[in-house]
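Where a number appears in this text, it was derived from the coordinates with a stated rule and is not lab data. Predicted model only: the values in this text are computed from it and were never measured. Note: ideal-geometry Cβ built from the backbone for every residue, glycine included; neighbour counts use all protein chains shown.
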Amino acid sequence: MYDSISGVLYWIAKQILHILNLLERMFDVFAGGASVVFDGEESYLTNLFFTNDSVSTLYMTMACVGMALSVGFAVAALVRKVFDVGGIGGAVPISRILKSLIISVGLIIITNTVTTLAFNATNMLLSYISYASSLETEESPEIEFTDKERSAMARALNTLGNYSLNEPCEDVINVNMCFNEMRPDLLELQEDGVFDAQYYPEENGETWQSVLAVIAGSHDLNTDVSLTKEDKSVKEAILKGMQIIKTVDNLTALETFKPMNQNQPVKIEFDRLMFLMSTMNSARNEKMNENPSVTDPLRNAFLTGVYSIYDDEAVNAAFDINKINWILFYISIAVTILALTVMLFNCITRIFSMIFLYIVSPAVFATMPFDDGGRTKEWINMFLVQTLAVFATVLPMKLVTLFVPIILDSRLTLFENGYMNQMAKLILLLGALEAARRTSTMFSKLITNAGGKSSIGAAEIKMMGKSVGKNIKRTMKRMR
């Protein structure tokens, strides 16, 4: 019953982890840190929207209308200058009106280029931040196998081969006796560090070491298994080993082995990270529970993507899912999903807010000769706010990922107990994620001067739209 409950919890966990991975990927795309493909061409989403034919056509139409309005507003300002001597119009020199006309037309012409440059700059910066936040895995030295270790491997494989000849070889007693007889040699090899590395038979092919590593990781090597009680993990490992030695003609023994994916930048993906941080006391190889880390040889294979956390066989071979801290796992997942969701929608709001500002910009610039650039200044302030808003949303999250390598580094010791040390690191990471979510909101308020409003610039954009409309109507009435 306990196995079935853990199995259900793992199945649910996989579905939630898929959602988390999806949210993280969408966050990178909407924030401008990852590119998308449209009609075979690769581009950032924001650039794609702004260079879309429909948006470009609409902007060109608005630009033509804006230029015409600029001339009209300039004429209106000149008329006001002539017939409103001593009033507001009379206080504005003709040279300033003409200068404003030239500037407004110039702004309408260059806005497309300036907007594209602004997006390219922010996207490039975000890409650099993403690269800088990659986790560098720990470097492991090359393993050299001694004659003593090869002798122990040969004895263990000979035992496995002898028991594979018994009929039926999958009998519980036969399997468990085989494991118990192999166990002393496997324990000796484990103490020598032979199983500290992952041999990746999918890429390197099956070897003595890869076969024995699977069996060694199926049970605690310090104790025998009960002869009459079936251990699913031990049975699967033993039968898999028997099948390999029967079918592989040239099963070689490695003399040396260089662990893969060591000392290489690894993109931090929260689905893998959160799952692995919850497995710190559940490795089947008990040695991997003594000083656990997401970059140790066992978990590094999952962190770097050699093995998938969604692969039932790989996960069950490496971990006892009954021992995974499911309570802490689900709490950590909830905190992470909440933080990502809030910042994800902030990114989406920013994209469409900037599109609106971009489209209405010609109409705003057109009023410059008449209001001496008052509305234009408001537009520039709002555009800068929206440009900076991406940093309010993304920087806190990326800063968290910059600290992840420090938090996960094995040299950082919060508690002497390895399990407690990793749990404390997980809680520290969750606290950093919550801080990122709150900092994003605070930073947004700071750059927008929103006075407690959490939506970035939405109210200001709406007010500006109404104000521009009223200003145009009022001016048209005066020109009649």
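If you take the square roots of the eigenvalues of the alpha-carbon gyration tensor of region 141-258 and sort them as a ≥ b ≥ c, do you get rounded (a/c under 1.5), prolate (a/b over b/c) or oblate?
Since a/c reaches 1.5 and a/b is larger than b/c, the shape of region 141-258 is classed as prolate.
For Cα pairs less than 8 Å apart in space and 6+ apart in sequence, what is the mean separation divided by the residue count of region 1-86, i.e. the relative contact order in percent? Walk me through the intermediate numbers first.
Numbers: 24 pairs, mean separation 9.7, N = 86.
That works out to 11 percent.
How would 59, 330 line up from fewest to most surrounding beta-carbon atoms within 10 angstrom?
In order of increasing Cβ crowding within 10 Å: 330, 59.
Can you figure out the FRET efficiency of residue 95 with residue 342, using R₀ = 56 Å and their beta-carbon distance, to the nearest 0.05?
0.65
When the chain is fully extended, how far beyond the present Cα-Cα distance does residue 8 get from residue 155, taking 0.36 nm per residue of separation?
49.0 nm
Just add up the charged neighbours of residue 30: K/R +1, D/E -1, any other residue whose Cβ is under 12 Å from the Cβ of residue 30.
Computed value for this residue: 0.
What number comes out for the charge environment of residue 151, summing +1 per Lys or Arg and -1 per Asp or Glu over other residues with Cβ under 14 Å away? Spell out each step's value before the answer.
Values: positive: 148, 150, 155; negative: 147, 149, 185, 188, 192, 255.
Overall, the nearby charge balance is -3.
Once you have the Cα-Cα distance between residue 331 and residue 239, take 0.36 nm times their residue separation minus that, and quote the gain in nm to one decimal.
29.4 nm
Would you order 364, 172, 82 from fewest to most other beta-carbon atoms within 10 Å of each residue's own beta-carbon? Please list the in-between numbers first.
Working: 364 28, 172 16, 82 11.
The fewest-first ordering by Cβ neighbours comes to 82, 172, 364.
With an 8 Å Cα cut-off and a minimum separation of 6 or more residues, compute the relative contact order for region 141-258 in percent.
Value for region 141-258: 39 percent.
What is the distance, in nm, between label points placed 7 Å from the Cα along the Cα-to-Cβ direction at residue 109 and at residue 252?
Computed distance between label sites residue 109 and residue 252 equals 7.0 nm.
At 7 Å along the Cα-to-beta-carbon direction for both residue 56 and residue 124, put a label point, then send me their distance in nm to one decimal.
2.1 nm
Based on the Cβ-Cβ distance from residue 406 to residue 71, what FRET efficiency comes out when R0 is 56 Å, to the nearest 0.05?
Efficiency, from the Cβ-Cβ distance: 0.40.
Just how large is the dipole of region 141-258 about the Cα centre, in debye to the nearest 20, putting +1 at every Lys and Arg Cβ and -1 at every Asp and Glu Cβ?
So the magnitude is around 260 debye.
Do the alpha carbons of any pairs in 14/323; 258/287; 287/323; 148/232; 246/287; 148/258 sit beyond 23 Å of each other, and which pairs? Before the final figure, lay out each step's value.
Working: 14/323 16 Å; 258/287 20 Å; 287/323 15 Å; 148/232 31 Å; 246/287 30 Å; 148/258 20 Å.
Over 23 Å Cα-Cα: 148/232; 246/287.
Between residue 167 and residue 427, what FRET efficiency comes out of the Förster formula 1/(1 + (r/R0)^6) with R0 = 41 Å and r the beta carbon distance, rounded to 0.05? Could the numbers behind the result be given before it?
Numbers: r = 53 Å, r/R0 = 1.29.
My answer for the efficiency is 0.20.
Test of understanding: ordering 178, 64, 169 by Cβ neighbours within 10 Å, fewest first, what list do you get?
Working: 178 25, 64 12, 169 16.
Final ranking by Cβ density, sparse to dense: 64, 169, 178.
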